[in-house]
Structure formats: structure tokens, C-alpha cells
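Report on the following structure.
Every number here is computed from the coordinates shown, using simple stated rules; none is lab data. Just so we're clear, the structure is a prediction, and the values are computed from it rather than from any experiment. Neighbour counts run over all protein chains shown; Cβ positions are idealised from the backbone, glycine included.
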Amino acid sequence: MNALLVFYSRDGCTRAAAREISKELGCRAEEIKDMKNRKGLLGFLSAGMDASLKRLTEIKGAHRNPARYCMIIIGTPIWNGHMSPAIRTYVSKNEHKFRKIALFCAEFGLGGEKALLEIEQICGKKPVAILVAKKSAMESEEFKKDLFKFCNSVRNAV
Ligand SMILES: Cc1cc2nc3c(=O)[nH]c(=O)nc-3n(C[C@H](O)[C@H](O)[C@H](O)COP(=O)(O)O)c2cc1C
């Protein structure tokens, strides 16, 4: 599968979805690290504020050249209705190298679609598939079906 999955996760939900997707598709996954500390109360507050203010951050862990892949699958948690600063940074730096994109996010329940739409706008291309993972529903059969559908759309587009 000529697809690369790139994600950031603070608390593990985006990581769990990323693992399922990369397993299902048999594609490589790269986890981005945010060099700014996002743990604890101060980390939580700075995470929300930086996401709201659309700030960039210093990232590590994205080693592969996205230009070498037909499809880039991007996953982010939703913070204050926005993508995480780590994913904003990755997308801003690399969007000109993306051919096709598929997007997914993990959220508590609000803002995912809008945040994914912003990634679409920055990239200037429509995603072949989107998936919004609600934290409380990630173990449900319905979510598994949605994930399978997402993977099928990616597969058909590659
Ligand atoms: C700073 C911060 C802000 C958040 N804001 C939202 C939000 O606006 N909407 C929402 O549905 N969930 C929000 N959440 C919850 C996360 O999106 C949710 O827990 C998600 O599963 C986290 O993904 P992760 O486990 O991969 O880090 C927020 C979490 C944090 C830490």
C-alpha cells in the first residue's frame, strides 16, 4: 500500500485509531512528537490555547518524505475545536508534497468535522475519506464499521 499514515496523539485515542487503520491497510505509520510539553494542567491549558490561536510548534518524528507516497493519511486529536498544533505544523510544512489525503481525528464530541475541513483548506484538496472517532464510541461496532469504510475508501483511491 503506497500510503503513509502520520498522526499526533496526546492521550492515546488518535494513536489507537491510527494503529487500527495502519493494520487494516498494511501501511506505514509515523507518530509525530510535539516538543512542547502538553502534560499536566499547564500543558493542557497551553494545548487548548495554542490550538485556538492556530500556533505552530516544534515537531519531531516525521522522517519520511510524503512526496514519495500516493496517499497521506493524517490523524489528530481535536483541541478547542481545532487540529493539534503538531499536525498544523506538519500539514503547513508539507502540504505541497501531498498527492491524495485522507483525514481522521479523535474528539470528545465537538469540532471534528470543522477541524478536518480546515486541514482540507490548507492542503487545497478534498480528502478521499474522513473519519471522526468519538472517544466514547471507539469500542462500538458502529465505529468499527466506519473505520472499515474509511479504509475501503482509501484503498479504492490508491
Ligand atoms: C486541550 C484539549 C482541548 C480539547 N478540546 C476538545 C474539543 O474542543 N472538542 C472535543 O470534542 N474534544 C476536545 N478535547 C478532547 C480530545 O479531543 C479527546 O480526548 C481526544 O480523544 C484526544 O485524542 P488523543 O487521545 O489522541 O490525544 C480536548 C482535549 C484537550 C487535551
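See the values below:
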read-out	value
Taking M71, M1 and counting other C-beta atoms within 10 Å, the order from fewest to most	M1, M71
Above-threshold pairs, the threshold being 21 Å between Cα atoms, out of K54/K135; K93/K125; K60/K144; K23/K114	K54/K135; K60/K144; K23/K114
By average C-beta atoms within 10 angstrom, highest first, the peptides 6-12, 23-29	6-12, 23-29
Karplus-derived HN-Hα couplings along the range 60-70 (A = 6.51, B = -1.76, C = 1.60, θ = phi - 60°), whole Hz, x at Gly and Pro	9, x, 9, 9, 7, 7, x, 5, 7, 10, 6
Phi-based couplings in Hz for the range 124-134 (Karplus 6.51, -1.76, 1.60; Gly and Pro marked x)	x, 8, 6, x, 6, 7, 10, 9, 10, 9, 7
Residues T76, T57 arranged by fewest to most Cβ contacts within 10 Å	T57, T76
³J(HN,Hα) computed for each position of the range 15-28 - Karplus, 6.51 cos²θ - 1.76 cosθ + 1.60, integer Hz, glycine/proline x	5, 5, 5, 4, 4, 4, 5, 5, 5, 4, 8, x, 10, 6
Rounded FRET efficiency, nearest 0.05, which uses the C-beta distance separating K149 from K125 and R0 of 25 Å	0.80
Amide H partners (placed H, <5 Å) of I101, local residues excluded	I72, V128
Nearest-20 debye value, the chain charge dipole, Cβ charges on Lys, Arg, Asp, Glu	500 debye
Gyration tensor (alpha-carbon) shape descriptor, the chain, a/c threshold 1.5	oblate
